[in-house]
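The values are calculated or read from the model by the stated rules, or taken from the named source; none is laboratory data. The model shown is predicted, which means the values in this text are computed figures rather than measured ones. No Cβ is skipped: glycine too gets one built from the backbone with ideal geometry, and neighbour counts run over all protein chains shown. Each accessible area value is taken on the protein alone, full model and side chains, heavy atoms only, with ligands, DNA and RNA left out. Shrake-Rupley method; radii C 1.70, N 1.55, O 1.52, S 1.80 Å.
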Amino acid sequence: MPDPAARDAAEEASALSHPAVDPDSTASYGAHPDQVVDFYAPREARGGDRAPLVVVLHGGAWRAPYDRRHITPFVDYLARRGFAVANVEYRRGRDIPAQGAAGPVAGRWPETFDDVAAALDALPGLVRAHLPQADPRRTVVTGHSAGGHLALWAAARHVLPVDARWWLDAPPPLRGVVALSPIAHFERAVELDVCGGAVTQLLGEGAGAELRAGYADPAALLPTGIATAVVQGREDTVVPQAVAEAYVDAAAKAGEMVGLTLLDGVGHFPLIDPAADACAVVAEEIAQLAW
């Protein structure tokens, strides 16, 4: 049996070995340097006047060292499959570790969520100006790992408590969500110490953490009424299969069916690796919602 650590390292090395791909254009949705979106025009036509829009939210445990550049080979892969793509950057944890933390802190509260909400709200106008090949009426949001969490959250803003600063009074106009190995169920993720306590760092300590979880945990924001698919590697040790299953179970209890595709022999990173077969599965899941 392959050593899981060695397999994980090889898969990560493969996914991160591809050169970053520069966008066709970039636009700001706010004043902070991280409040930007990169746009990639479709490289081939798949019929119709305009291409479906795929919004990508990168992972990296909501931590500062991991920015949108590492996912650009995956973004380019989608563009070569005929999608118009928006690669969203957002504010992540600060580089300076908090007291007792071994490394950079995960996420900023509330700025990480401010940015995802602001970017999605700004996208229709930005797309008209910077990506006219895209059809915003056929928008699918996808994200990997912590970005998978943010993708699920972005599709659930109308389910937030009405006092939430990000609340929408109607479902966002999305064809669906494809979440890739998402940190989708906070309680289960904390139990498994996913990404070195990233969820606890994101929510903070003290009495306010439970309240913040009610605004941030996708498993608490169900049902959404938006088509949702989760793609998960069975061999994923970064965000284990149990987290995805807990989210799917929570959706079922809320009366909503969430598709779960489990890939044998696949860990965390092949889902965004253009050289991996798993990446083609992801593209097909997106296509099923978009076209």
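Is at least one residue of the stretch 234-256 buried (at least 20 other Cβ atoms within 10 Å of the Cβ), charged (D, E, K, R) and under 16 Å from the mean Cα position of the chain (by Cα)? There is no residue in the stretch 234-256 that is buried (at least 20 other Cβ atoms within 10 Å of the Cβ), charged (D, E, K, R) and under 16 Å from the mean Cα position of the chain (by Cα).
For the stretch 71-108, the set of residues classified as surrounded by fewer than 19 Cβ atoms within 10 Å (Cβ to Cβ) and either modelled with pLDDT of 95 or more or not in a loop (DSSP other than H, G, I, E, B) (or both) consists of Arg80 only. Taking the criterion of being in a loop (DSSP other than H, G, I, E, B), farther than 27 Å from His268 by Cβ and not polar (S, T, N, Q), the residues of the stretch 130-165 that qualify are Leu131, Pro132, Leu160, Pro161, Val162, Asp163, Ala164, Arg165.
For every residue, the table says whether it meets (1) within 14 Å of Gly107 (Cα to Cα); (2) buried (at least 21 other Cβ atoms within 10 Å of the Cβ); (3) out of contact with any Phe, Trp or Tyr (no Cβ under 9 Å at 6 or more places or on another chain); (4) of a type in the set (Phe, Trp, Tyr).
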{"site": "Val178", "(1), (2), (3), (4)": "no, yes, yes, no"}
{"site": "Arg188", "(1), (2), (3), (4)": "no, yes, no, no"}
{"site": "Ala207", "(1), (2), (3), (4)": "no, no, yes, no"}
{"site": "Asp217", "(1), (2), (3), (4)": "yes, yes, no, no"}
{"site": "Leu221", "(1), (2), (3), (4)": "no, yes, no, no"}
{"site": "Thr224", "(1), (2), (3), (4)": "no, yes, yes, no"}
{"site": "Gln232", "(1), (2), (3), (4)": "no, yes, yes, no"}
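Residue count for the stretch 15-25, restricted to those that are of a type in the set (S, T, N, Q) and open to solvent by 40 Å² or more (accessible area, probe 1.4 Å): 1. Gln133 meets all of the listed conditions (1) under 17 Å from the mean Cα position of the chain (by Cα); (2) more than 17 Å from Pro223 (Cβ to Cβ); (3) open to solvent by 10 Å² or more (accessible area, probe 1.4 Å); (4) not hydroxyl-bearing (Ser, Thr, Tyr) but one, namely (1). Does Asp114 satisfy the criteria of being at pLDDT below 95 and either farther than 25 Å from Val281 by Cα or not charged (D, E, K, R) (or both)? So Asp114 does not fit the description; no. The set of residues from the stretch 26-59 being touching a Gly at 6+ places or on another chain (Cβ under 8 Å), crowded, with 19+ Cβ neighbours inside 10 Å and outside any strand (DSSP E or B) comprises Pro42, His58, Gly59. Considering (1) assigned to a loop (DSSP other than H, G, I, E, B); (2) over 21 Å from Gly214 (Cβ atoms); (3) hydrophobic (A, V, I, L, M, F, W, C), the lone condition that Leu168 does not fulfil carries the number (2).
Residues that are touching a Pro at 6+ places or on another chain (Cβ under 7 Å), part of a helix (DSSP H, G or I), under 30 Å from Arg165 (Cα atoms) and modelled with pLDDT of 95 or more do not occur anywhere in the stretch 261-281.
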